[in-house]
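Taking it in order: structure first as structure tokens, then the write-up.
The values are calculated or read from the model by the stated rules, or taken from the named source; none is laboratory data. This one's a predicted model, so the numbers in the text were calculated from it and none came from an experiment. Here Cβ is always computed from backbone atoms with ideal geometry, including for glycine, and neighbour counts include all displayed protein chains.
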Amino acid sequence: MLPCHGYPELKKYSHLYGHYGTAWQNQQREFAEFPGAIVMTTNCLMPPKDSYRKNLFTAGPVGWPGIAHISTRDFSPAIKRTLELPGFSEDKEGKKVYTGFARNAILSVADKVVEAVKAGKIRHFFLVGGCDGAKPGRNYYTDFVEKAPKDTVILTLACGKFRFFDKDLGSVNGIPRLLDVGQCNDAYSAIQIALALAKAFNCNVNDLPLSIILSWFEQKAVAILLTLLYLGIRDIRLGPTLPAFISPKVLDVLVKNFELKPISTPEEDLKAILG
């Protein structure tokens, strides 16, 4: 629910409250611990466990055998099940995170961003995000964000953000150092931000103090990567494993034409990027 708080038409409803859970691969544990009804609306559904099957509903393009599917806009079955369940027995103070930094929000203060860069207060921007998964190696992205210098700004999007979305990175020149652009589909926003900054600095995107550090996990990430390559974006770092379609010959083409490279360690990559 985290991105929903960034949309004004949803944010105005008082019962849209908070956010529960992290990335998709943790859902079997987190859904089992959630004492309410759950409506799945995307393709990230894992095999449901018996402990929460009766609490789970699907809608839109996602479905599972034996799980109630809501094919219309009538969510009364999910509401009915919610009222039957106990909910949390007590309130617990959670962390507060910022969200909703899509292109309109960031570009509304573009003049302050440009001013901070020209004054040397912001040295570099990192777009760190993408997919998440359970295989080892993804702690790289948490370490990278934590070790990025305090005069740099982190843009993030998609479920890769859950590796560090609740970190308090402070601010630089009044701008939060961690800016959540949104969902994976909001890659469009990130591209528009980059294009607007390039226009403001009178240069092309590849000349900006901006580096893209992507976490990979196939599916629609393929379309996003191909879009970035089509737009001529160079020097993208990708990991923790390379896409399955990148054979040695394809990798050679991508390295020569787009300077695509696999991640190494946060320390080595930061040193290489920042010089």
Check: What's the number of the condition PRO3 fails, among (1) surrounded by 13 or more Cβ atoms within 10 Å (Cβ to Cβ); (2) at pLDDT 90 or above?
Finding: (2)
Notebook entry, point to check: Taking the range 69-86, which residues are surrounded by 10 or more Cβ atoms within 10 Å (Cβ to Cβ) and either modelled with pLDDT under 95 or within 28 Å of the chain's Cα centre (by Cα) (or both)?
Noted result: HIS69, ILE70, PHE75, ALA78
Next item on the list: Could you tell me whether ASP132 is assigned by TED's automatic domain parsing to the domain that holds GLN219, assigned to a helix (DSSP H, G or I) and in contact with a helix residue (DSSP H, G or I) (Cβ under 9 Å, 6 or more places away or on another chain)?
Entry: no
Checklist line | Odd one out for GLU90 among (1) out of contact with any strand residue (DSSP E or B) (no Cβ under 7 Å at 6 or more places or on another chain); (2) part of a loop (DSSP other than H, G, I, E, B); (3) surrounded by 14 or more Cβ atoms within 10 Å (Cβ to Cβ); (4) free of Cβ contacts under 8 Å to residues at least 24 places away in the same chain | finding: (3)
Item checked: Close pairs from the range 107-124: first more than 19 Å from LYS150 (Cβ to Cβ), partner part of a loop (DSSP other than H, G, I, E, B), Cβ under 8 Å, at least 6 apart -> VAL114/PHE201
Notebook entry, point to check: Is it true that PRO61 is in contact with a Pro (Cβ under 8 Å, 6 or more places away or on another chain), without any contact (Cβ under 8 Å) to a residue 60 or more places away in the chain, outside the structural domain of ALA221 (by TED's automatic domain parsing) and not hydrophobic (A, V, I, L, M, F, W, C)?
Noted result: no
Next item on the list: Might you let me know whether the range 69-77 holds any residue that is over 30 Å from ARG138 (Cα atoms) and of a type in the set (A, V, I, L, M)?
Entry: yes
Checklist line | Residue list for the range 1-42, filter: in the same structural domain as PHE57 (by TED's automatic domain parsing) and in contact with a strand residue (DSSP E or B) (Cβ under 8 Å, 6 or more places away or on another chain) | finding: PHE31, ALA37, ILE38, VAL39, MET40, THR41
Check: Conditions: (1) out of contact with any helix residue (DSSP H, G or I) (no Cβ under 8 Å at 6 or more places or on another chain); (2) farther than 19 Å from TYR141 by Cα. LEU225 meets all but one. Number of the miss?
Finding: (2)
Notebook entry, point to check: If you check LEU169 against the conditions, is it modelled with pLDDT of 90 or more, assigned to a strand (DSSP E or B) and within 24 Å of LYS271 (Cα to Cα)?
Noted result: no
Notebook entry, point to check: Do we find that LYS135 is in contact (Cβ under 8 Å) with a residue 60 or more places away in the chain and among the charged types (D, E, K, R) in this structure?
Noted result: yes
Notebook entry, point to check: Taking only pairs six or more apart or across chains, which ones have beta-carbon atoms under 8 Å, a first residue in the range 253-275 that is over 17 Å from LEU210 (Cβ atoms), and a second residue that is at pLDDT below 95 and part of a helix (DSSP H, G or I)?
Noted result: LEU254/LEU229
Note to self: Anything in the range 38-67 that is loosely packed, with under 13 Cβ neighbours inside 10 Å, farther than 19 Å from CYS184 by Cβ and of a type in the set (S, T, N, Q)? List them, or say none.
What the structure shows: SER51
Notebook entry, point to check: Is it the case that LYS95 is surrounded by fewer than 11 Cβ atoms within 10 Å (Cβ to Cβ), outside the structural domain of ASP235 (by TED's automatic domain parsing) and under 24 Å from the mean Cα position of the chain (by Cα)?
Noted result: yes
